[in-house]
Amino acid sequence: MKYEDIDFNELYVKQKELTSFKAKGKEAWDEKAPHMNKRVHNSIYNEQFLSLLNLDGIKSSLDVGCGVGNLSLKLANTLDEVFCLDYSSGMLEILEQNAKEQNLNNIKTINKSWYDSWEDVPNTDLVIASRSMEVKDMKEALLKLNEKANKKVVISFKKGGTFVSDEILDVLQKEVIKKPDYIYVINILYSLGINASVNFVQSEGRSTIYTLKEKFVESIKWSLGELSNTDIKALEDYYENIDLSSKQESEPVEWAVISWNKKG
């Protein structure tokens, strides 16, 4: 078999169907929005991601899966127009309030999902999809992003195929079926004739983000689903015994930042 004969998108779709990490519905993200707004704006991830964007000649952007605007609010200080797309109305409501508080008038929100028609979504110089590529069909999503870009696309995708660290899975003595890793995305882009560049950035680990063990346990439930009393006790013991000064070093989260120039 030749490399060109491998359908990486088909492999992605099959792995996505098998993975233990299932997509969350709109209501779950609406509920999560207020808590996310309290922490995501100060994440180390934001500046690392933004530092990889070359904004020379860029006047407008489309932020797909924008959440509460941790990136769009910053881009709005530099660009003429920033369009923010998310299927969670709760996220967009908070983003709009954030923009109002910062006197940003060049932000426009769009309440759509990956699976809606984007016919009326405007094209922009830059299209980003940061930590929001949990899609059923990766090829379809990448083409959708490319179509809306005038100049370039930059996305990020979780490295490692799991939203819970191996360290925590060991504590829980759980095995999971991992989701497709970032390399699927690179190979699908290659099959589309797109040569992308890849860099890596980090965000805080769970035990750094959550200062209360109850919130830490809730975050694991968000990823893995219901936990037994034994699981909860094991997580609480793990959290209480972590050296606070070394939390971030012991549990970094890595993201592949993948960028390419508009094709076609």
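Give just the number: which of (1) modelled with pLDDT under 95; (2) open to solvent by 50 Å² or more (accessible area, probe 1.4 Å); (3) not small (Gly, Ala, Ser) does residue 168 not satisfy?
So the condition that residue 168 fails would be (2).
Return the only residue of 198, 185 being of a type outside the set (D, E, K, R), assigned to a strand (DSSP E or B), at pLDDT 95 or above and within 27 Å of residue 36 (Cβ to Cβ).
Only one candidate passes the filter, namely 198.
Anything in region 167-182 that is under 22 Å from residue 133 (Cβ atoms) and not in a helix (DSSP H, G or I)? List them, or say none.
Passing the criteria: 176, 177, 178, 179, 180, 181.
Please verify whether residue 9 is part of a helix (DSSP H, G or I), under 15 Å from the mean Cα position of the chain (by Cα) and surrounded by 14 or more Cβ atoms within 10 Å (Cβ to Cβ), treating the condition exactly as stated.
no
Looking at 165, 156, which is the one that is in contact with a helix residue (DSSP H, G or I) (Cβ under 7 Å, 6 or more places away or on another chain) and of a type in the set (S, T, N, Q)?
One residue alone meets the criteria, 156.
From the list 80, 63, which one is at pLDDT 95 or above and more than 20 Å from residue 118 (Cβ to Cβ)?
Exactly one residue qualifies, and that residue is 80.
If we scan region 77-85, do we find a residue that is open to solvent by less than 30 Å² (accessible area, probe 1.4 Å) and in a loop (DSSP other than H, G, I, E, B)?
yes
Looking for whichever is under 16 Å from the mean Cα position of the chain (by Cα), under 22 Å from residue 133 (Cβ atoms) and modelled with pLDDT under 85 here; the options are 222, 255. Which one fits?
The conditions single out 222.
When the residues of region 123-157 are filtered to those that are assigned to a loop (DSSP other than H, G, I, E, B) and open to solvent by 40 Å² or more (accessible area, probe 1.4 Å), which remaining residue is modelled with the lowest pLDDT?
Per the stated criteria, the residue is 134.
Out of region 12-35, which residues are closer than 21 Å to residue 159 by Cα, open to solvent by 60 Å² or more (accessible area, probe 1.4 Å) and of a type in the set (D, E, K, R)?
Once the filter is applied, which keeps residues that are closer than 21 Å to residue 159 by Cα, open to solvent by 60 Å² or more (accessible area, probe 1.4 Å) and of a type in the set (D, E, K, R), region 12-35 yields 14, 17, 22, 24.
Quick check: anything in region 61-73 part of a helix (DSSP H, G or I) and within 18 Å of residue 255 (Cβ to Cβ)?
Within region 61-73, one or more residues are part of a helix (DSSP H, G or I) and within 18 Å of residue 255 (Cβ to Cβ).
Mind listing whichever residues of region 179-199 are among the aromatic types (Phe, Trp, Tyr) and crowded, with 17+ Cβ neighbours inside 10 Å?
Across region 179-199, the qualifying residues are 182, 184.
Tell me which residues, restricted to region 36-53, are touching a residue at least 40 places away in the same chain (Cβ under 8 Å), open to solvent by 60 Å² or more (accessible area, probe 1.4 Å) and not aliphatic (A, V, I, L, M).
39 - this is the single residue of region 36-53 that is touching a residue at least 40 places away in the same chain (Cβ under 8 Å), open to solvent by 60 Å² or more (accessible area, probe 1.4 Å) and not aliphatic (A, V, I, L, M).
Tell me which residues, restricted to region 86-103, are under 20 Å from residue 134 (Cα atoms) and open to solvent by 20 Å² or more (accessible area, probe 1.4 Å).
87, 89
The values are calculated or read from the model by the stated rules, or taken from the named source; none is laboratory data. Predicted, not measured: the structure shown is a model, and the values here were computed from it. All Cβ positions, glycine included, derive from the backbone under ideal geometry; neighbour counts span all protein chains shown. Heads up: the accessible areas ignore ligands, DNA and RNA and are worked out on the full protein's heavy atoms, side chains in. Shrake-Rupley method; radii C 1.70, N 1.55, O 1.52, S 1.80 Å.
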